[in-house]
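Values in this text are rule-based calculations from the coordinates and carry no lab data. What you are looking at is a predicted structure, and each value in this text was computed from that prediction instead of being measured. Here the Cβ positions follow ideal geometry from the backbone for every residue, glycine too, while neighbour counts run over all protein chains shown.
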Amino acid sequence: MENKLTFLGHAAFALETGGYQILIDPFLSRNPQASLSAEIVPADFILVTHGHADHLGDTVSIAKRTGALVISTSEIGDWLEEQQVKTHSQSLGGGFHHPFGYLKLTYALHGAGLDGVPHGCGGNPAGLLLTCLDGTKFYHAGDTGLFGDMRLIGEERLDVACLPIGDNYTMGPADALRAVKLLQPKVVIPMHYSREGLLRQDPEAWKSQVEQETATKVRILNPGESISF
Ligand code: NI
Ligand code: MN
């Protein structure tokens, strides 16, 4: 079985695994980097790490169009249920055997706002740790600062990890390098940065440093590009 991961821009990914189409943090229609339109993207499941607009994105419209099940925290799930979206809620540290694999929500060091809802709270921000049906381990850190318990996630022997490097709202390149040392994934994909503006970073420089100092391979994906694993 092969798993295919496509970068959709910012922190959004499409993962094909076990015969299912899974969207992660589908921020598309308002994202100038997005490589796919929210009106046509297929989805069986949508995973949402936290309630900020650049992650919740087009979740509601895509879920309504496709009938996809949205997996997130209870607080985001309760709000989505009010929008007539099908949901499955989990909490940090809790895992569940979904048809596409075993998904655990992990700790993320970040904010809890629920954008678009005055004083809304999306609960604890999360990362996603997925054990695919073939045993492959995939980790999407969500928005997070560096935290020492990434070492515990690293004990899971990760195949692929997606880590923010944009700084300001999340880890920057230096802390993301330290994160790679704790997580020790076979492959890491940088996300949540841009080539200009507030989150401007140089992913090629980061790749050189990570590959000099660790055994992890860095794959820089442009929006629309995929890797198989
Ligand atoms: Ni955020
Ligand atoms: Mn964000």
**Asked** Which of the residues belonging to the stretch 186-196 are more than 17 Å from SER226 (Cβ to Cβ) and either under 15 Å from the mean Cα position of the chain (by Cα) or within 16 Å of ligand 1 (Cβ to nearest atom) (or both)?
**Response** HIS192, TYR193, SER194
**Request:** Collect the residues in the stretch 155-183 that are outside any loop (DSSP other than H, G, I, E, B), under 14 Å from the mean Cα position of the chain (by Cα) and within 16 Å of ligand 1 (Cβ to nearest atom), keeping them in residue-number order.
**Result:** CYS162, LEU163, PRO164
**Failed criterion for GLY142 (all others in (1) under 25 Å from GLN212 (Cβ atoms); (2) within 16 Å of ligand 1 (Cβ to nearest atom) hold)** = (1)
**Item:** Single residue of the stretch 55-67 satisfying the filter (touching a residue at least 24 places away in the same chain (Cβ under 8 Å) and outside any helix (DSSP H, G or I)) that is farthest from ligand 2 (Cβ to nearest atom)
**Value:** ASP58
**Request:** Could you run through the stretch 192-229 and say how many residues are of a type in the set (Ser, Thr, Tyr) and over 20 Å from HIS140 (Cα atoms)?
**Result:** 1
**Message:** Tally up the residues in the stretch 124-154 that are assigned to a loop (DSSP other than H, G, I, E, B) and either under 25 Å from ALA205 (Cα atoms) or more than 16 Å from ligand 2 (Cβ to nearest atom) (or both), please.
**Reply:** 13
**Asked** Across the stretch 29-54, what is the total count of residues that are in a loop (DSSP other than H, G, I, E, B) and within 15 Å of ligand 1 (Cβ to nearest atom)?
**Response** 7
